[in-house]
Amino acid sequence: MNASGIKKVVIVAVILLAFLPVLPMIIPKPMTFDRITTAIRDAGLPIEGYTEVLPPQLESIAHVGLYVAGVRVDIYQYDDAGKIARHFEYQKQDPGTAIVEMWGLAQSLGAAPSRNLPTLAARRGKFMIVATGEDKALLQHIINIFKAA
């Protein structure tokens with residue numbers, strides 16, 4: 001090996017050593033139930049009734065139920081991407097129902113108002129959160145906290 005080759009190897013090694021302390025800040029931390037609940041608490045929202053649901057529902061490997069400022073929140077952990085994708089799609093409202101509710105078509109035809117509580121869901125990695133409650137702004141805030149955790 002000649003002098004220029006050794007020089008290049010030394011420069012690359014110095015750059016890697018300088019980059020090493022920054023590496024843990026770049027690598028994302030693994031998602032956990034504790035990390036999610038800490039993010040919710042840090043946002044100033046109270047958590048009540050934190051319970052681990054046994055057996056876990058929706059084909060998840062772990063399921064936690066809690067109330068955040070009066071909103072029912074279920075957090076699911078999966079080990080299979082197919083299962084989480086399927087159950088996340090089930091949480092979405094179908095377009096027909098969304099249009100009927102948005103335009104109030106059912107009520108204009110004389111139907112009783114819907115008693116279904118608004119539900120929002122989000123997915124991040126192998127975790128899914130489902131928030132159900134009256135206040136849509138609070139539901140969206142909880143979802144945004146989950147996505148940023």
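The values are calculated or read from the model by the stated rules, or taken from the named source; none is laboratory data. Please read these numbers as outputs of a predicted model, since none were measured by experiment. Please note: Cβ atoms are built from the backbone with ideal geometry, for glycine as well, and neighbour counts cover all protein chains shown.
Side notes on the structure shown:
- Residues in the stretch 112-127 that are at pLDDT 70 or above and part of a loop (DSSP other than H, G, I, E, B): 5 in all.
- Answer from H63, H87 - the residue that is outside any loop (DSSP other than H, G, I, E, B) and touching a residue at least 40 places away in the same chain (Cβ under 8 Å): H87
- Hey, A62 exposed (fewer than 14 other Cβ atoms within 10 Å of the Cβ) and at pLDDT 85 or above or not: no
- All of (1) over 16 Å from the mean Cα position of the chain (by Cα); (2) within 14 Å of F146 (Cα to Cα); (3) of a type in the set (A, V, I, L, M) hold for V22 with one exception: (2).
- Residue count for the stretch 128-149, restricted to those that are surrounded by fewer than 18 Cβ atoms within 10 Å (Cβ to Cβ), at pLDDT below 90 and not charged (D, E, K, R): 1
- Test result for P55, exposed (fewer than 10 other Cβ atoms within 10 Å of the Cβ), more than 14 Å from the chain's Cα centre (by Cα) and part of a loop (DSSP other than H, G, I, E, B): yes
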